[in-house]
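Single-structure report; data block below.
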Amino acid sequence: MQPRRPPPPAPGSGPWGPRPAAPLIALLLLLASVVAAAVSESAEDPGQPQDAGLQRRLLQQAARAALHFFNFRAGSPSALRVLAQVQKGRAWINPKEGCKVDVVFSTERYNPEEGEGHLGKCSARVFFKNQKPRPAINVTCTRLIEKKKRQQEDYLLYKQMKQLKNPLEIVSIPDNHGHIDPSLRPIWDLAFLGSSYVMWEMTTQFSRYYLAQLTSVRQWKTNDDTIDFDYTVLLHELSTQEIIPCRIHLVWYPGKPLKVKYHCQGLQTPEEASGTEEGSAVAPTELSNF
């Protein structure tokens with residue numbers, strides 16, 4: 001009697017036991033890739049805030065800081081813009097490093113003409129280093145008004161200032177009732193322009209500054225073509241309700257980079273910035289993606 005031959009191995013089996021069927025292998029590979037992607041995303045996105053209120057505050061803070069920086073770099077009192085509405089964005093918090101924010105927001109002219117709505121749009125990436133002022137900013141905005149019109153308005157202001165027979169000396173804009181005389185509006189706008197630089201340099205993840213009042217202005221006669229100002233402003237820090245006097249020296253000429261030096265009472269000029277570089281602000285005709 002011949003010995004009975006062992007049955008053939010079951011399909012998909014081997015010396016180490018049954019092999020998983022092809023659909024199961026595909027499922028395991030898919031799960032592995034999902035886990036790997038989740039781990040990778042977690043490493044790149046540490047500590048994204050879950051609180052919706054915190055997200056909103058960070059987006060608002062980043063948009064305001066980006067506009068301070070944009071206004072300064074534009075160097076044009078006719079192109080000043082303010083925040084209209086945050087449209088979308090996302091913030092990441094790394095407890096050891098700081099906060100990174102991507103934000104898209106609409107803007108409007110600082111001195112809107114009748115019938116104007118939300119005419120501008122900006123995208124920005126802002127990095128706040130923990131407890132450090134002067135966030136690193138890259139911001140891209142659509143043009144709010146035509147370049148030719150802006151240049152004409154700036155040159156008209158420049159011409160008016162240069163034709164003054166005596167150096168300008170003014171106190172308190174706006175007045176105690178919050179009114180700005182139309183003849184003094186260009187002075188206020190120039191002060192706002194220079195103060196944008198100061199507010200950007202002083203801004204942190206938690207501190208927000210607003211220009212409350214211009215308390216003194218002195219225009220100096222110059223031998224060159226520039227407008228040369230010394231002025232004092234009161235900056236309002238919203239979170240602490242503190243009022244901070246700052247002395248600012250501004251040198252302006254239409255179409256040229258703005259020059260600003262300042263000293264704020266009780267504060268030192270930021271020596272260590274949030275980022276390693278100033279960043280960039282540009283104004284193309286169309287909005288760029290991140």
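Hand me the trypsin sites (Lys or Arg not before Pro) from region 48-97 located in a DSSP loop with no more than 14 other Cβ atoms within 10 Å, in residue order please.
Lys96
What do you get for chymotrypsin sites (Phe, Trp or Tyr not before Pro) in region 122-227 restricted to DSSP loop and a cutoff of at most 15 other Cβ within 10 Å of the site's Cβ?
Phe206
Counting other Cβ atoms within 10 Å of each Cβ, which trypsin sites (Lys or Arg not before Pro) in region 179-242 have at most 16 and sit in a DSSP loop?
Listed in order of number, the matching sites are Lys221.
Rolling a 1.4 angstrom probe over the protein heavy atoms, how many square angstrom per residue are accessible across region 135-240?
Heavy-atom accessible area per residue stands at 51 Å².
log10 I(q)/I(0), Debye, Cα-only region 54-207, no solvent, q = 0.19 Å⁻¹?
One equal scatterer on each Cα of region 54-207 leads to -1.16.
Can you tell me the length gained on complete extension of the stretch Gln163 to Arg218, counting 0.36 nm per residue apart and subtracting the Cα distance?
Once the chain is fully extended between Gln163 and Arg218, it gains 18.3 nm.
Apply the a/c threshold of 1.5 to the C-alpha gyration tensor of region 51-138 and tell me whether it is rounded, prolate or oblate.
Here region 51-138 falls in the oblate category.
Taking R0 as 30 Å, what FRET efficiency do you get between Asp175 and Gln151 from their Cβ-Cβ distance, rounded to the nearest 0.05?
Efficiency for this residue pair is about 0.45.
Note the full-extension length gain between Asn130 and Asp230 as 0.36 nm times their separation in residues minus their Cα-Cα distance, in nm to one decimal.
Gain on extension, Asn130 to Asp230, equals 32.7 nm.
Can you tell me how much longer the chain between Ser183 and Tyr253 gets when fully stretched, taken as 0.36 nm per residue apart minus their C-alpha distance, in nm with one decimal?
Values: separation 70, 0.36 × 70 = 25.20 nm, distance 1.98 nm.
The span from Ser183 to Tyr253 would gain 23.2 nm if fully extended.
Calculate what fraction, in whole %, of the accessible area of region 169-243 sits on carbon and sulfur atoms when a 1.4 Å probe is rolled over the protein chains. Mind dumping the intermediate values first?
Working: 1790 of 3530 Å².
Carbon and sulfur together cover 51 percent of it.
List the residues of region 231-257 whose backbone N lies under 16 Å from a point placed 7 Å from the Cα of Asp51 along the Cα-to-Cβ direction.
Hits in region 231-257 for Asp51 at 16 Å: 239.
The values are calculated or read from the model by the stated rules, or taken from the named source; none is laboratory data. What you are looking at is a predicted structure, and each value in this text was computed from that prediction instead of being measured. Heads up, the Cβs are rebuilt from the backbone with ideal geometry, glycines too, and the neighbour counts pull from every protein chain shown. Note: areas computed on protein heavy atoms with side chains; ligands, DNA, RNA excluded. Shrake-Rupley method; radii C 1.70, N 1.55, O 1.52, S 1.80 Å.
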